[in-house]
Amino acid sequence: MSTLSCNVCGGPLGPCLYESEGGQSLTSLCQVRPGTTRVHACPACGHLQTQEMADAAAFYESDYDILVHSEEEDQIYELAADGTPIYRTAHQVKVLLDKVTLPAGALLLDYGCAKSATLKSLVAQRTDVVPHLFDVSSRYIPFWEKFVQPAHWGTHWAVHEMPASWQGRFDVVTSFFSMEHMVRPADSLRQMAAVLQPGGTFYGIVPNVATNVADFIVLDHVNHFSETSLHHVLQGVGLEVVEIDAQAHRGAFVIVARKVADAHVASPLPAHFGSDVAQWLARFDEMAAFWQQAGERVRAQEAQLPASAPMAIYGAGFYGAFIVSCLRHPERVVCHLDQNVFLQGRELNGRPIVPPQDRPEGVNTVWVGLNPVHARQVIARVPSLAAGDVRLLYLE
């Protein structure tokens, strides 16, 4: 087998840290697909990388239908103290406006935008901002047409290739949770830098695998960036890092970078780059051990349950789908419980999604399919699961 190369620095990747069980994998959309997820780390820049799926191009053109069921569909970012959902789009707009000063009449490009709900919400608040859109799939055009005039095809939006007229044009280029999917992130970032004006701002959000551990095993996330690999890839394409914030958006890095005047003069890497890489590599080893044992932990808890007792999964997202995929008797899972009104009434892998308060009578065993980092805090805000007759089972 040929040596795999790092998507960030081009160096050889280390040995495989993680392989998924049973010849099957999970995508970021909770789809179960045949094939094995294999994850490697780069010892040179601290990047974590998943081997690309064989049919990636077809997957993004036809199967990657993120949040396309309605104009308003969104994901829950967190629950407020009173249990009210706070949705991701609203939070992303707030953080962007906190981090970036948008000039009046700013020309803004959302790169890898999907349906671009964040930009749509932003221009509703800042009507002077001039939106532009780019993606590798044409399936989102019906959403774009709702807030960018169809007559602007080729000038304000594009698919697959960006117009030559965009070079050096934009005040700001954004990328919301798209870089993790890019097989050649440096090439894509170089494209983004090229369409920025000198001094223009790149603003991105990517998962932080250290605080969003599910990202470690997501098949279609070929990149799992660390702070070190982000520094390396940004400085290599003529973008000077202003800030990499691991706090403003839970489970993610918020990146602010500036296009330097001379793209041929790379800004230096942090002085402590080497020691930071070593710390990230150690953390990757810990995460690999967690996921290699996670399936057995789920099955060990399942074995302690009364025979044939019906179960529910709290969470209709990735963690919930992972738990179901690990169970020896997944047929005992009767439903998913979720606070997201956009998911309620639908199904996940053939199981209905219902509000927590509508948990079926007699279903008193509930698996918590949430990020272990904050799972218990979230469940504490769900009154219908606080009853003494509910058995709660966690990933750790």
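Among the residues of the range 267-285, are any closer than 19 Å to VAL172 by Cα, over 17 Å from the mean Cα position of the chain (by Cα) and not in a loop (DSSP other than H, G, I, E, B)? Before the answer, list the steps.
Filtering the range 267-285 for residues closer than 19 Å to VAL172 by Cα gives none.
For the range 267-285, residues closer than 19 Å to VAL172 by Cα, over 17 Å from the mean Cα position of the chain (by Cα) and not in a loop (DSSP other than H, G, I, E, B): absent.
Residue under question is ALA288, and the condition is that it be over 26 Å from VAL195 (Cα atoms), part of a strand (DSSP E or B), in contact (Cβ under 8 Å) with a residue 12 or more places away in the chain and among the aliphatic types (A, V, I, L, M); does it hold? Walk me through how you get there before you give the answer.
Details: over 26 Å from VAL195 (Cα atoms): yes; part of a strand (DSSP E or B): no; in contact (Cβ under 8 Å) with a residue 12 or more places away in the chain: yes; among the aliphatic types (A, V, I, L, M): yes.
Answer is no for this residue.
When the residues of the range 298-342 are filtered to those that are among the acidic types (Asp, Glu) and out of contact with any Pro (no Cβ under 8 Å at 6 or more places or on another chain), the one that is farthest from PRO34 (Cα to Cα) is GLU302. Screening THR127 on (1) closer than 24 Å to ASP98 by Cβ; (2) crowded, with 22+ Cβ neighbours inside 10 Å shows it passes everything except condition (2).
Scan the range 23-35 and give yes if some residue there is modelled with pLDDT of 95 or more, of a type in the set (A, V, I, L, M, F, W, C) and crowded, with 16+ Cβ neighbours inside 10 Å, otherwise no. No, every residue in the range 23-35 fails to be modelled with pLDDT of 95 or more, of a type in the set (A, V, I, L, M, F, W, C) and crowded, with 16+ Cβ neighbours inside 10 Å. Flag not set for ASP135, criterion: out of contact with any Lys or Arg (no Cβ under 8 Å at 6 or more places or on another chain), assigned by TED's automatic domain parsing to the domain that holds PHE170 and either aliphatic (A, V, I, L, M) or at pLDDT 95 or above (or both).
Under the condition of being in contact (Cβ under 8 Å) with a residue 24 or more places away in the chain and part of a helix (DSSP H, G or I), which residue from the range 102-137 is farthest from the chain's Cα centre (by Cα)?
Keep residues of the range 102-137 that are in contact (Cβ under 8 Å) with a residue 24 or more places away in the chain, which gives 102-123, 125-126, 128-137.
From what's left, part of a helix (DSSP H, G or I): 117-123, 125.
On the way: ALA117: 15, THR118: 14, LEU119: 17, LYS120: 19, SER121: 19, LEU122: 20, VAL123: 23, GLN125: 25 Å.
Across the range 102-137, the extreme among qualifying residues is GLN125.
Of the residues SER188, SER226, which is touching a strand residue (DSSP E or B) at 6+ places or on another chain (Cβ under 8 Å), over 25 Å from LYS94 (Cα atoms) and either among the acidic types (Asp, Glu) or not assigned by TED's automatic domain parsing to the domain that holds ASN371 (or both)?
Numbers: SER226 fails: over 25 Å from LYS94 (Cα atoms).
Every option except SER188 fails the conditions.
Within the range 296-318, being in a helix (DSSP H, G or I) and over 22 Å from the mean Cα position of the chain (by Cα) holds for GLU296, ARG297, VAL298, ARG299, ALA300, GLN301, GLU302, ALA303. Whether any residue in the range 343-363 is in a strand (DSSP E or B) and of a type in the set (Asp, Glu) is what I want to check. Yes, the range 343-363 contains a residue that is in a strand (DSSP E or B) and of a type in the set (Asp, Glu).
Let's see how each residue does on (1) under 16 Å from LEU79 (Cα atoms); (2) crowded, with 20+ Cβ neighbours inside 10 Å:
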| site | (1), (2) |
| --- | --- |
| ALA321 | no, yes |
| SER325 | no, no |
| ARG332 | no, no |
| CYS335 | no, yes |
| GLY350 | no, no |
| PRO355 | yes, no |
| PRO372 | yes, no |
| ARG381 | yes, no |
| TYR394 | no, no |
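Scanning the range 246-261 for residues that are outside any loop (DSSP other than H, G, I, E, B) and more than 16 Å from the chain's Cα centre (by Cα) gives VAL256, ALA257, ARG258, LYS259. ILE76: in contact with a strand residue (DSSP E or B) (Cβ under 7 Å, 6 or more places away or on another chain), under 28 Å from ILE379 (Cβ atoms) and free of Cβ contacts under 8 Å to residues at least 12 places away in the same chain, yes or no? For ILE76, the condition - in contact with a strand residue (DSSP E or B) (Cβ under 7 Å, 6 or more places away or on another chain), under 28 Å from ILE379 (Cβ atoms) and free of Cβ contacts under 8 Å to residues at least 12 places away in the same chain - is not met.
Annotation: ILE205 fulfils all but one of (1) within 12 Å of the chain's Cα centre (by Cα); (2) part of a helix (DSSP H, G or I); the unmet one is (2).
The values are calculated or read from the model by the stated rules, or taken from the named source; none is laboratory data. All values reported here derive from a predicted model rather than from experimental measurement. Every residue, glycine as well, gets a Cβ built from its backbone with ideal geometry; the counts of neighbours run over all protein chains shown.
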